Amino acid sequence: MIIRPLHTFDHVRESFNGSTNRAARSEIGQFLTPALIAQFMSSMFESGPQHVRILDPGAGAGVLFAMCVETLISQKSRPHSIRVDAYETDSVILPHLEETMKRCQSLCTSGGIAFQGIVKSEDFVQAAIAGTTESLFAAPGERYTHAILNPPYMKINSQTAMSRKLYSSGIKVANLYAVFVWLSMLLLEPGGQMVAITPRSFCNGPYFKKFRTAFLRTMSLKQIHIFGSRKKAFGDDDVLQENIIYHAVRGVQRPKSVTISTSEGLDFGKARILSIPYSRVVYLGDRDMFIHLDIDDAYTSPAERIKCFTSSLNRLGLTVSTGRVVDFRAREHLRQASGQETVPLIYPCHFLNGFIEWPVEPGKKPNAIMLSCETSGLLVEGGFYVLTKRFSSKEQLRRVMAAVYDPTRIDARFVGFENYLNYFHKQGSGLPADLAKGLTL
């Protein structure tokens, strides 16, 4: 029993992508879900209640809720009724969404299951805030048994009205995908299930701490799927993004273990599957509530070994700062080669075998920045520093890329570190040489 062949959904997606501008889709964070991914996501749901209410907050052509409906009515214990609320604001794709909803209606009717499908061509965020904000005079909003989503990926402008409204609602995140997940989570009833595909960036780091905390205190993680390649999930959209798929249930009881699976691309049938203790995915007492995506012993053993390091940067009297030179803002002060009245400017491209190799010529990046009153606040005194790249790809052998800035190799009174780098320092100055080299290792 199928709604329509998988290749039909992919044909709709490919036709839509071919007839629309990729830059315009990227600007609103719109990347339609491949049918195989939608099918796999739907398979992660556990058997649910007899009366199902599905939320798809960024529906596109409707492949996600359609696969969810198909999965539900294919189960031995089929629901008595299904309701779908599908939000979509793109008028170009709405006809495809309406057609998918009609097919779901037809399929459920033929199977003797009551169906109600509502396409809401309105902004999900605005509607969800209104539906989740508690008020003395507000009627309780709709609550869902299932939420399935591939939310838009885009940064939020902090100066917009939407950002201010989110902030006043206690939702403080920098990317729209986390907003969609957060609001969808709030719209679930107790025991309601969510399956989402998003970037994995929320799993660690300070920018997503509030989101991570709210998510892990509200939801119980059941399963996480990791893609081995950044290029495969949304490959035909040229999206180089480390995505994960996760299944979670609204409720405070934590599971004993989390199922973690991994596949190179869309070959889900060949996925490696492990059951990992929950305490190794989210460490007990971790104030940052990082989500550790360790998938086998080769990855977990370093995580276990690092526990023997009991000191901290604060105890060592050290601080980490982000490089002060934002190149597009200081463009007029940058120089391709060093010269009089210039000092070294260090980029990630200067990393070589654990040290900073400077200058790099020829190269696309500047090697120097002018030394002047205007740039003095962007520079630090020469000395030993540990530099780390703020961004790395999973294809790199080491995810944390570190190098020593050694003043015996680069003779300069001052140095500038570009904004894509973090630097370890001691009260704004350099470190002892041995400490710098030890930290880099």
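The values are calculated or read from the model by the stated rules, or taken from the named source; none is laboratory data. In this text, all values refer to a predicted model and were calculated from it rather than measured experimentally. Cβ: placed from backbone, ideal geometry, glycine included. Neighbour counts: every protein chain shown.
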Please go through (1) of a type in the set (A, V, I, L, M); (2) at pLDDT 95 or above; (3) within 34 Å of the chain's Cα centre (by Cα) for Leu439 and return the number of the only condition it doesn't satisfy. (2)
Identify all residues within the range 330-379 that are outside any loop (DSSP other than H, G, I, E, B), touching an Asp or Glu at 6+ places or on another chain (Cβ under 8 Å) and not hydrophobic (A, V, I, L, M, F, W, C); write none if there are none. His333, Pro348, His350
Tell me the helices (runs of 4 or more DSSP H) entirely within the range 118-217 that contain at least 1 residues that are touching a strand residue (DSSP E or B) at 6+ places or on another chain (Cβ under 7 Å) and among the hydrophobic types (A, V, I, L, M, F, W, C). 124-132, 176-186
Identify all residues within the range 177-195 that are surrounded by 23 or more Cβ atoms within 10 Å (Cβ to Cβ), aliphatic (A, V, I, L, M) and in contact (Cβ under 8 Å) with a residue 40 or more places away in the chain; write none if there are none. Val179, Leu183, Leu187, Leu188, Met194, Val195
Which ones in the range 303-329 are under 18 Å from Met370 (Cα atoms) and part of a strand (DSSP E or B)? Val325
Answer with yes or no whether Ala178 is under 21 Å from Leu55 (Cα atoms) and in the same structural domain as Gln39 (by TED's automatic domain parsing). yes
Selection count, the range 145-174, where residues are of a type in the set (S, T, N, Q) and under 26 Å from Val84 (Cβ atoms): 3
Collect the residues in the range 66-94 that are β-branched (Val, Ile, Thr) and in contact (Cβ under 8 Å) with a residue 60 or more places away in the chain, keeping them in residue-number order. Val69, Ile73, Val92, Ile93
Six or more apart or on different chains, Cβ atoms under 6 Å: show the pairs whose first residue is in the range 369-381 and closer than 9 Å to Phe414 by Cβ and hydroxyl-bearing (Ser, Thr, Tyr) and whose second is in a helix (DSSP H, G or I) and at pLDDT below 95. none
Checking Gln39 against (1) of a type outside the set (Lys, Arg); (2) surrounded by fewer than 23 Cβ atoms within 10 Å (Cβ to Cβ); (3) assigned to a loop (DSSP other than H, G, I, E, B), which test does it fail? (3)
